[in-house]
Amino acid sequence: MNRLLRIIVCCAVAIAASTAYGQIVDPVEWSWKLSMDNATEGKVVFTAKIDKGWHIYSTYVPDGGPQATTITFGNIEGARLVDGLIESRKPVEKFDDMFSLNIGTWDGEVSFTQKFVLTDGSTGCSMSGRIVAMACNDATCTPPKKIPFDVTYNYTPTSSSDTIAEEGDEAIAPQKMTGADADNSVSADAEKWWAPVTFHDSEPSSIWYILLWGFISGLVALLTPCVWPMIPLTVSFFLKKGQNRGRAIADAIIYGLAIVVIFLILGIVITLAFGAGKLNELATNAVFNIIFFALLVVFAISFFGAFEIKLPASWSTKMDAKAERTTGIISIFFMAFTLTLVSFSCTGPLIGTLLVETASQDSLLAPMLGMGAFALALAIPFALLALFPSLINGMRGSNSWLGSVKVVLGFLELILSLKFLSVVDLAYGWGILDREIFIALWIVLFVMLGMYLVGKLKFAHDAELTHVSLTRFFLALASWSFAVYLLPGMWGAPLKGVSAFLPPLDTQDFNLYETPQYRHFDDFEEGMAYAQENGMPVLIDFSGFGCVNCRKMEGAVLDNDRVKGLIENNYVFITLMVDDRTPLLSPITVEENGKEIQLETIGEKWSYLQRYKFEASVQPYYVQLNNDGQSLTSAPYGFDENVDNFIDWLESGLAKYEESK
C-alpha cells in the first residue's frame, strides 16, 4: 500500500510540475494607456516588454510563418480611429531557422500607438479589442496569446484633461446582460446580432421521438474515446471476480442497471440545478480531467505489474464476506460510477443537448425518459463486457495468457489517458501537449506495444516467450503499422482516421501541409462587424477543445478542398470555443430559466450565446447568418461527415443571402 501511495504522489507531483510550467512561461508583458492630446484628439499606446532572449513577430509575416502581432479594435463608442498603428521602431528582419523564412522581429521593448478623434458631440469614448502575439526564443515558442483590452475616457469639469485606463483597471462588478452584451458596452448592432433564432416550431417533441433520440445519443457516446478506456477496466475488474456463470449473469445485470440509474440521476440533477451549460463546464474542468488522466495512468502502471490496486486486508475481508450475501453490489456500483465520470468529458454535451430538447415538455417525465434511453444504450455493451470475463475464466489454460492481456490493456489505458490531459491543456491554453508531442507519445507507445507482443520487451511477472503465436504476430504488425501511419502527423499531416483523438492542427508548431486560410474570427461581435462592413454572410462553428466530433468534422469536411474553396471565397468564418477558460474582462450576469447565472470565461459566454440564440448546446454546430444575425437556412448543420451534404447546405445559404441583397 505504501508503494502505491508513493507512485500516486509522484504522478501528482509530475502533473503539478507540468501544469506550473505551462502557466509560468510568459515572456511578454503587455500594458496600455489612453491619453488625450487636446479636447478632441487622443491616442492609445500599447507597450510590450519582452524578456531577454525572446522576441515577438512583426505585424506582417509571410505565408507559412508564425503568428503576426496584431492589435484589433472590436468595439468603439464615441470615437473613430485615425490612420493605422504607429510602431515605435521598425522590426529587425532576419532569417528565422525555426520557420525557414525572413521575418521581422522585436525584442526588448516596443510600443504601438493608435490615434483617434472623438466623434461630434462626444465628451468621452470607450474602446475594447484584443492583442494577439506569439513569442519565441532560439529553441521554442509559446502558443499565440490573446490579451483582451478595454480603455475609456470621460471628460468632466472636475477631472484632469487626461484620463488614463491601464491594464487591470476594468470594473470587477458583474454587469447585467439580457442576451446582447459584447464587452459590457452594448451597441444596437450587437443587440440585433444576439436576437434569438428559431429553426423549428415550438411544439413539444413526442415521447417516442425523445426515447429514440436518447437511445441514438447513447449509441453515439459509445463511439467517443472517453468511453473506450473503461473497456479494459471493465474486463479487468470482472476477471478478478472468478465466479460461476449464474453469478456472472447476475453481476452483469446489476452493472448495467447501475449505469442507467447513475446516469439518470447525475444528468438530471446537474442540469436542473445548474443548467445545460454546466455539463460542458464539467467536461473540460482542469481538476476533473487531470484526476482521470492520473487515474488511468495509475491503472496502467498496475496492469504492468508494479502493484495490485486493492483495499487493506481488513477491509477486503469484511467486503468479501458481505459480497457472498450481496453479490458484490457495492463494488459493482462504484465501477459503474467510475464509468459515468470517466466518460463524462464526451457524454456531457450529448446529455446537455438531449435535456435542452426535452425541456419543451414542461415536466420531469420527458428528461427522465430521454436520459433513461441514453443510459440504456450505453449500458448494454458494458453489461455484455461484464459477462465476457466469466467465459474467459472457463477456458482451459486461460491463466497462462491473462497476464499478457492485462499488459496490453495497460498500454491502451496509457494511450487513451492522453486524451484527458489534452482536453484540459487546450481549454486552459497551457501549451504542454501540442499536436506533435501528443503524436510522438502515441508513436512511442505503439512501437513499445509491438515490441512487447513479440517478446522484445518484458515485465517482471512475464513468463519466457518461447515462440510468437500468430495472434501476437498480427497484433504486433497492426501496432507497428499504426505507428508508421502516425509518423507523417509529426509534420502536419491531417491523419483523418484518428483526428477525433488528436489536438487540432492549429497547435502544430511545424506544419508542411497546406491549411485552410479563412477570414477567421474567434469573437462573435468582431466577426459580425467585419461581415457587415464587407457585405458577406457569416458561417459560425460552435466548437470545443474537448469536442471529439468537432475534430472529426474538421478533418473530414472543413479540410476538404471544395469546402475550403466555398468558405474562403464567400464567408466570414467565426469559431466559438464553448470550453475556452480565458477569463472575461469582467463577469457578466445573465438570466436563464428564471435564475441569474454569472459568465466568467469566454467559453461560458459563447455557450450561453448558443443556448440563448439557437436553443442548442451540442457541438459541432454550424449556422449561417446574414448581416442582421438571422439564419440563412431552415436548419443548422450538426455532425455529418458527408461532404456533399455540407456543400449543399452552404450553397443553400449563399443563394438565400444573394436573394436578400
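The values are calculated or read from the model by the stated rules, or taken from the named source; none is laboratory data. These numbers were taken from a predicted model, which means no experiment stands behind them. Positions of Cβ are backbone-derived with ideal geometry, glycine not excepted, and every protein chain shown enters the neighbour counts. Protein only, heavy atoms only, side chains kept; ligands, DNA and RNA dropped before computing areas. Shrake-Rupley method; radii C 1.70, N 1.55, O 1.52, S 1.80 Å.
Over the Cα atoms, compute the radius of gyration (one decimal) and Dmax (the largest Cα-Cα distance, rounded to a whole number) for segment 531-605, in Å.
Just the Cα atoms of segment 531-605 yield Rg and Dmax of 15.9, 46 Å.
For segment 437-506, what is the convex hull (Cα atoms) projected area averaged across all directions, in square nanometres?
Answer in nm², one decimal: 5.5.
Stretch VAL197-ASP26 to full length: gain in nm at 0.36 nm per residue minus the Cα-Cα span?
57.5 nm
What number in nm² do you get for segment 88-159 if you take the convex hull of its Cα atoms and divide its surface by four?
Across all orientations, segment 88-159 yields a mean hull projection of 7.4 nm².
Quote the FRET efficiency, to the nearest 0.05, computed for ASP51 versus ALA463 with a Förster distance R0 of 51 Å and r equal to the Cβ-Cβ distance.
With a Förster radius of 51 Å, E is 0.40.
Starting from the residue with the highest accessible area, list THR47, THR471, THR582 in decreasing order, probe 1.4 Å.
Largest to smallest exposure gives the sequence THR471, THR582, THR47.
Per residue, how much space in cubic angstrom lies within the convex hull of the C-alpha atoms of segment 555-646?
130
Of LYS94/LYS146; LYS145/LYS552; LYS52/LYS115; LYS52/LYS94; LYS52/LYS146, which ones are farther than 23 Å apart at the Cα?
Over 23 Å Cα-Cα: LYS94/LYS146; LYS145/LYS552; LYS52/LYS115.
Please give me the summed charge of the neighbours of ARG89: other residues whose Cβ is under 13 Å from its Cβ, Lys and Arg +1, Asp and Glu -1.
So the environment of ARG89 carries a net charge of -3.
Jot down the per residue volume, in cubic angstrom and as a whole number, of the convex hull over the alpha-carbon atoms of segment 23-109.
It comes to 143 Å³ per residue, whole-number rounded.
With r as the distance between the Cβ atoms of LEU219 and THR70 and R0 = 51 Å, compute the FRET efficiency 1/(1 + (r/R0)^6) and round to 0.05.
Result of the calculation: an efficiency of 0.70.
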